[in-house]
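Working notes for the structure below.
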Amino acid sequence: MRILVVEDEKKVASFIKKGLEEEFFQVDTASNGKEGYELAMKEEYDLIISDIMMPVMSGIQLVREIRKNEINTPILLLTIKNSTKDKVDGLDSGADDYLIKPFAFEELTARVRALLRRKEGKKDNILFVADLVMDLVAHKVTRDNIEIILTPKEYSILEFLMRHKNKIISRTKLIEHVYDFHFDTGTNVIDVYINKLRSKIDQSFEKQLIHTIRSVGYIIKE
Amino acid sequence: MFNKIKSFLSSTRLKITIWYSSLFLFLEILLGVIIYIYLFQVTRMNLDLNLKTQANAILRVVEEKHFDLDSFEPGAVYKSEDEMIWDIIYDAIVFNRRNTFIEISNYRKIIFKTVNIEEINLSFPEKKEKEALFDYKNEKLSDDFIRVCQLRSKRYTVIVAYPKEYIAATLNGLRDIYIMIAPVFLIISLIGGALISSKSLKRFGVIIKKTEEITGQNLDEQIPGGEYPDEYGRLVNKMNEMIKRIKTSVDYMNQFSVSAAHELKTPLTILRGEIEIALKSPKTEERYIEVLKSNYEETIRMIKIVDNLFFISKSDNALIEINKHEINLNSYLTSIVQNMKILGIEKNMTLVMDSCPALNVKLDSELIKQALSNLIDNAFKYGEENTEVRIDCEDLGGDIKIMINNSGENIPIEEIEKIFDRFYRADKSRTRKTGGVGLGLSVVKSIVNLHKGIVQVESNDNFQTTVSIILPKS
């Protein structure tokens, strides 16, 4: 899952990025609304976290511009002001949620999960395909009740596939969502990770879940 | 209920009513007493005068007619000429409607008595004087004293008397009327007093109600009634002015605490976030050191914010004293420049001082150093990398101008006025994050104001921003 963090206070952006990365998210940062807008137009994000008070373009303006371009990515606003008017302005501009600084990081991740869940129409934090289960909060993956240990990148790829189960996901799309924008999309690194995932998930089981669609991409299905 | 009664008993309304009624009653009694005494005196004087006049008239008649009264017998037949005299006497008696007692006597015997004392065997005491007025008591005639006027001539003594009780009766009647009327007057004055006081005090009820409603949240409300031209209107106006003053300081405190909270929120967000993430899972030693370093920076930042807030608060409340002393401007600025140079290293910026005159000026060197440090700090913060920050001076005669110039993005004209506003950062229109500078500039302004100087900002489109402070030389 790929998240854009728009925040002019460098240190704030930096700890959010680090914290979210620990939660297996891929995070890009932008230091003002304009930069954030350009990134949001260019890349495909699963979620945008934006500060409100920023130079050049404020968070509210950013949300408006993004929504004007019919990008429906969930947006979480961070605000320093605890006034109803600010919350109303933020939500009315098209944001999905807000959080008041200083916030508990756990609350941020919980809200991030909730927004992603809502986007997919899900009600809990569990993804499953047949007997393969992924707990999004504990970051635990089990198959047939046996825990499978994954690296962060493997986890991200599996998460993305499982969130879109029964749908074919192209390599490009996978790369876009599991790597931040510094990544060179030309390599076949995805195939390497898929092979590793297969060996961990499918090898010792009769039923294969991850399938390759030749020259298109991958699909996870029962 | 009890409280209501208590507050009613201690209310000004009741007090005014009671005072008003008491005064009214007192005046009524006083007036009654005065009238009573006056009437008493007047009737007495009139009585004496009447008695005297009557006695004189009788005596004159008796004296002028030289006929023999000694042989006079009541009921006897008289000569015609005598009859006339008796008619006169009779007349004097008959037309005496007040029923005076009259007695005429010569030295030997009483020769005439009016009917009203005919049956009573009494004699008025004789006085030696020719003319005497005295009180005489005789139960047979009256319980009260009788006022007696006695006139003596060579041959006759005429006594005209009148019981005082008749005068007293008049006066007592007057007194009774007063006593009867007094409670009525008292009730009327109580009602009147209550009406008048409640009418004038009813408006105070409005003040009481409104002041009860006013709290820290609705200080923009006003007590109605300021348009009355009387004391009430003046009181209301003064109270409204007071509310305005309270509002100003409450607003100031609110804005101050809001802005203080805002200033502190960014470092707190960073501290909280970084610490939470550091604690979430084990990290490398380098990472912990990194977090601690960053936390330390944020702590310093918060200390600076708190210091600035404290300074501004003190300066706003006139708690800062300035200690001016003479310094050499050139060497003073040179040492500041030397100390501040290091701050430019990170962005590869240099701090240059142009020619500053070596003249002596009087200022608070500590405070001005703080102001200049803040300005230089800002110049580095907003200056482009690899450029220079220039300090320049200008002798304006009575004043000295110190300019700090940097190259970098210009401050929009509409924002220039606002950057010295301590609450600017909390302002809704703000889009440019000043990173604590809002407070720094407020401190600069406070310091310059203490020196009775001015701060100017020029930020033209040529990528140059100059902040100048103009201070009096002494």
Query raised in the report: Looking at (1) assigned to a helix (DSSP H, G or I); (2) basic (Lys, Arg); (3) modelled with pLDDT under 80, which is the only condition B:ARG97 fails?
Result: (1)
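For residues that are of a type in the set (Asp, Glu) and out of contact with any Gly (no Cβ under 8 Å at 6 or more places or on another chain), scanning just segment B:389-419, find the one that is surrounded by the fewest Cβ atoms within 10 Å (Cβ to Cβ).
Per the stated criteria, the residue is B:GLU414.
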Requested in this report: Take segment A:1-37 and flag every residue that is facing chain B (nearest Cβ under 9 Å) and of a type in the set (Val, Ile, Thr).
Outcome: A:VAL12, A:ILE16
Query raised in the report: Out of all the residues in segment A:59-94, which are surrounded by fewer than 21 Cβ atoms within 10 Å (Cβ to Cβ), at pLDDT below 90 and small (Gly, Ala, Ser)?
Result: A:SER83
Report summary line: In segment B:109-129, residues that are modelled with pLDDT under 70 and of a type in the set (D, E, K, R) total 2
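From the list A:PHE103, A:PHE128, pick out the single residue that is of a type in the set (A, V, I, L, M, F, W, C), closer than 23 Å to A:PHE160 by Cβ and not in a helix (DSSP H, G or I).
A:PHE128
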Query raised in the report: Restricted to segment B:431-463, and to residues that are surrounded by fewer than 19 Cβ atoms within 10 Å (Cβ to Cβ), modelled with pLDDT under 85 and of a type in the set (D, E, K, R), which residue is farthest from B:GLU263 (Cα to Cα)?
Result: B:ASP461
Query raised in the report: Within segment A:117-130, is there a residue that is more than 18 Å from the chain's Cα centre (by Cα) and either among the charged types (D, E, K, R) or modelled with pLDDT of 85 or more (or both)?
Result: yes
Query raised in the report: Across segment A:47-72, what is the number of residues that are of a type in the set (Ser, Thr, Tyr), without any contact (Cβ under 8 Å) to a residue 40 or more places away in the chain and away from chain B (no Cβ under 12 Å)?
Result: 0
Query raised in the report: Given the conditions (1) among the charged types (D, E, K, R); (2) outside any helix (DSSP H, G or I); (3) within 11 Å of another protein chain (Cβ to nearest Cβ), and given that A:GLU44 satisfies all but one, which numbered condition is not satisfied?
Result: (3)
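Answer yes if at least one residue in segment A:82-92 is part of a loop (DSSP other than H, G, I, E, B) and within 13 Å of another protein chain (Cβ to nearest Cβ), and no otherwise.
Scanning segment A:82-92, I find at least one residue that is part of a loop (DSSP other than H, G, I, E, B) and within 13 Å of another protein chain (Cβ to nearest Cβ), so the answer is yes.
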Query raised in the report: From the residues in segment B:1-60 that are in contact with a Gly (Cβ under 9 Å, 6 or more places away or on another chain) and aromatic (Phe, Trp, Tyr), which one is surrounded by the fewest Cβ atoms within 10 Å (Cβ to Cβ)?
Result: B:TRP19
Query raised in the report: From the residues in segment A:102-148 that are in contact (Cβ under 8 Å) with a residue 60 or more places away in the chain and under 23 Å from A:ILE49 (Cβ atoms), which one is nearest to the other protein chains (Cβ to nearest Cβ)?
Result: A:PHE105
Requested in this report: For residues that are more than 10 Å from chain A (Cβ to nearest Cβ) and not in a helix (DSSP H, G or I), scanning just segment B:262-296, find the one that is nearest to A:PHE105 (Cα to Cα).
Outcome: B:PRO282
Query raised in the report: So, in segment B:364-386, of the ones that are among the acidic types (Asp, Glu) and not in a helix (DSSP H, G or I), which residue ends up farthest from the chain's Cα centre (by Cα)?
Result: B:GLU385
Query raised in the report: Can you tell me which of B:VAL389, B:VAL361 is in contact with an Asp or Glu (Cβ under 8 Å, 6 or more places away or on another chain) and assigned by TED's automatic domain parsing to the domain that holds B:GLY440?
Result: B:VAL361
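Test of understanding: among B:GLU285, B:GLU274, which residue is without any contact (Cβ under 8 Å) to a residue 60 or more places away in the chain and exposed (fewer than 13 other Cβ atoms within 10 Å of the Cβ)?
Result: B:GLU285 is the single residue among B:GLU285, B:GLU274 that is without any contact (Cβ under 8 Å) to a residue 60 or more places away in the chain and exposed (fewer than 13 other Cβ atoms within 10 Å of the Cβ).
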Query raised in the report: Taking B:ASN295, is it farther than 27 Å from A:ILE52 by Cα and out of contact with any strand residue (DSSP E or B) (no Cβ under 7 Å at 6 or more places or on another chain)?
Result: no
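The values are calculated or read from the model by the stated rules, or taken from the named source; none is laboratory data. These numbers come from a predicted model, not from an experiment. Cβ atoms come from the backbone with ideal geometry, glycine included; neighbour counts cover every protein chain shown.
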